[in-house]
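See structure below.
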Amino acid sequence: MPETPDAPFATAALMESRSQGAITAATHPFLEQELAAASRAIRDFCRWHVAPARQVTYRRAGRLADDVWLPAMEVASIDAVTIDGREWTDEKVADVEFDPLTGWTDLCGRSVAVTYTAGFDPIPESIVAATLELAALGLGTSLGQTREQAGSVSVTYDRLGGGIDEASPTGQALIAYRIGRLP
């Protein structure tokens, strides 16, 4: 069964409220799609689903025996484990050590399937704010446009080509939620 896409980190109603009515679904028919695109960009930048908390299965096969690092933060539980074809009992699964902040486990194996629950719930405010900012940028610029001038008024947009730049203010706000980084 295909996985259901994650919901956006912010709603059209929240955008309307935060923008004091300047951005609404009625005046911006692509608002929902832009919120979804902004949320996807954040998930891609962070390298995991981020929110909400949900059960995920991590699989790895055909490698040398190696430690298992789950691609997540906010790991709440390890729910099932199969290592090198052997399914673990609930009692043995309960004894698995893991770091909820980094996804590190004390598991090791060549062929691995680990089902775990992870994700932020509720969604952190900084992620909601970044979603709204990215969506507003997407709605306010023409594709590929980085500068606009009319008379003595000049506006420059800093989002070109999509994605999130690690050095940008948005990237800096989201770096704490990115996996694969050293603290």
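The values are calculated or read from the model by the stated rules, or taken from the named source; none is laboratory data. Quantities reported herein were computed from a predicted structural model and do not represent experimental measurements. For neighbour counting, all protein chains shown are included, and Cβ atoms are generated from backbone atoms with ideal geometry for every residue, glycine included. Each accessible area value is taken on the protein alone, full model and side chains, heavy atoms only, with ligands, DNA and RNA left out. Shrake-Rupley method; radii C 1.70, N 1.55, O 1.52, S 1.80 Å.
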message: Of all residues being of a type in the set (Gly, Ala, Ser) and without any contact (Cβ under 8 Å) to a residue 60 or more places away in the chain in region 109-128, which is least open to solvent (accessible area, probe 1.4 Å)? Just the residue, please.
response: Gly109
task: Filter region 108-130 for residues that are more than 13 Å from the chain's Cα centre (by Cα) and farther than 19 Å from Glu16 by Cα and give the result.
output: Cys108, Gly109, Arg110, Ser111, Val112, Ala113, Val114, Thr115, Tyr116, Thr117, Pro122
So Glu148, is it modelled with pLDDT under 95, charged (D, E, K, R) and buried (at least 16 other Cβ atoms within 10 Å of the Cβ): no
- request: Only residues that are open to solvent by less than 50 Å² (accessible area, probe 1.4 Å), within 22 Å of Cys108 (Cα to Cα) and among the basic types (Lys, Arg): list them for region 28-69, please.
  value: Arg60
query: For region 151-173, does any single residue satisfy the condition of being modelled with pLDDT of 95 or more and either in contact with a His (Cβ under 8 Å, 6 or more places away or on another chain) or buried (at least 16 other Cβ atoms within 10 Å of the Cβ) (or both)?
result: no
